[in-house]
1. What do you get for trypsin sites (Lys or Arg not before Pro) in segment 291-375 restricted to DSSP loop and a cutoff of at most 16 other Cβ within 10 Å of the site's Cβ?
2. Within 10 Å, at most 10 other Cβ atoms, and a DSSP state outside H, G, I, E, B define an exposed site. Report the longest part of the chain free of exposed GluC sites (Glu not before Pro).
3. Which of the trypsin sites (Lys or Arg not before Pro) found in segment 130-191 are loop residues per DSSP with 16 or fewer other Cβ atoms within 10 Å of their Cβ?
4. On a 0 to 90 degree scale, rounded to 10, what angle separates helix 43-53 from the longest Cα axis of the chain?
5. Looking only at Cα atoms, what is the convex hull volume of the chain per residue, in Å³?
6. Helix-only estimate, please: 222 nm mean residue ellipticity of the chain, summing -39500 (n - 2.57) across DSSP H runs of length 4 or more and dividing by its residues, to the nearest 500.
7. Once Lys and Arg get +1 and Asp and Glu get -1 on their Cβ, which of 53, 188, 298 lies farthest toward the positive end of the dipole of the chain?
8. To the nearest 20 Debye, how big is the dipole of the chain about its Cα centre, given +1 on the beta carbon of each Lys and Arg and -1 on that of each Asp and Glu?
Amino acid sequence: MPTADVARRTVLFIASAILLSAALFYIGAPPAVPDTLPERLSNQEFWRMINEFSEASGYFRSDNFLSNEAGYQHVIPLLRKSIRSGGVYLGVGPEQNFTYIVGFEPKMAFIVDIRRQNMLEHLLYKALMEISADRAEFLSRLFSRPRPASLGATSNADVLVRAYARIAASADFFQANLKTVLEYLERTKGFGLSEEDESRVRYVYKAFFDSGTGLHYTFLGGYGGFMFMPSYGELMTENDGHTRNWNFLASEDQYRMVRRLQEKNLIVPLVGDFAGPKAIRSVAEYLKQHNAVLSVFYTSNVEQYLFQDDENWQRFYANVATLPMDSSSMFMRYVLNGWGFSRRSRTLLSPIADVIRAYDRGTIRSYYDVVDMSQ
């Protein structure tokens, strides 16, 4: 007969094995059953998720109309070899997310940003994509410039940028487009925008009208103009450091891929602080309900700001730990020169599970520790 101590150890061993198996469902192994992510969301469900998953809008010192991350495509070929296809993408910021969606082909995407203005910018993009049959029409509406007759399906990104850089903006076209966008969002889609929301959509849209393909990260030229900030046109015409341009406007196929997800309401922009109590955890719960796994979490350089407060970065990693993931799930972060141990500014990768394990062990104490785990 086993002693009481042996029996107790056996029970503890079995319990530990059960807990480990449960943990492996989310870290280290894919789900045992197929995900049940929807093929599309209704307009009502899409708007409900935005409202119920989001937090109160917070502050950031820049309008961040577009990415400022030159070379942002370089990581795509490497990451495509690492991640499990068909998962869920989670990102932050404006249009660079569309290019990463092209690169990673997720079933669904969530964009979480502390600024409500970013969510509204994504709704502006959504409306313009859904009413624009091709890239040339989309850019014509985005920049409020008449479409040149010479542009067609085979026009590459360089041709598109040069064409729209030569055309003057039309104030009448801007007003007509703005009216179309707001009517589409509010009447056709049924999204309940407030007067303040409408005002912010106009504010964002006017930046594209005023600057066209020359638009930069901040409307007035960045932080005092001393940092190089790529323009919209420059970001459109970059490539992955080899031969392929993954930008969502580089080809009709890439544009249509993002447009299809928009039409199905599967790119969901949320308002949320990475260290907040609701947005990331709401996404995590939704993924668990649908047996889905996070493939990529693009954080830009948000972690750098979180580490300015000793509680915020810890809240962030506690939030991330709730997300269902496997061993291929990756953080993708933009690390500025000076934080990367003499490396130039660039996008780096690290397995999410490795970061969470290091956080649990207490070996992450600063942003340098996170950067040091990246490659």
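Each value in this text was obtained by applying a stated rule to the coordinates, not by laboratory testing. These numbers come from a predicted model, not from an experiment. Note that we place each Cβ from the backbone using ideal geometry, even for glycine, and neighbour counts take in every protein chain shown.
1. Values: sites: 315, 333, 343, 344, 346, 357, 361, 365; in loops: 343, 344, 365.
Answer in residue order: 343, 344, 365.
2. Working: sites that count: 39, 311.
Longest run free of exposed loop sites: 40-310.
3. Details: sites: 135, 141, 162, 166, 179, 187, 189; in loops: 166, 189.
Within segment 130-191, the qualifying trypsin sites (Lys or Arg not before Pro) (loop, at most 16 other Cβ atoms within 10 Å) are 166.
4. 60
5. Numbers: hull volume 57.7 nm³, N = 375.
Per-residue hull volume (Cα only) is 154 Å³.
6. Numbers: 16 runs with 173 residues, N = 375.
About -14000 deg cm²/dmol.
7. Highest projection toward the positive end goes to 298.
8. Values: 40 positive and 41 negative charges, 104 e Å.
It works out to roughly 500 debye.
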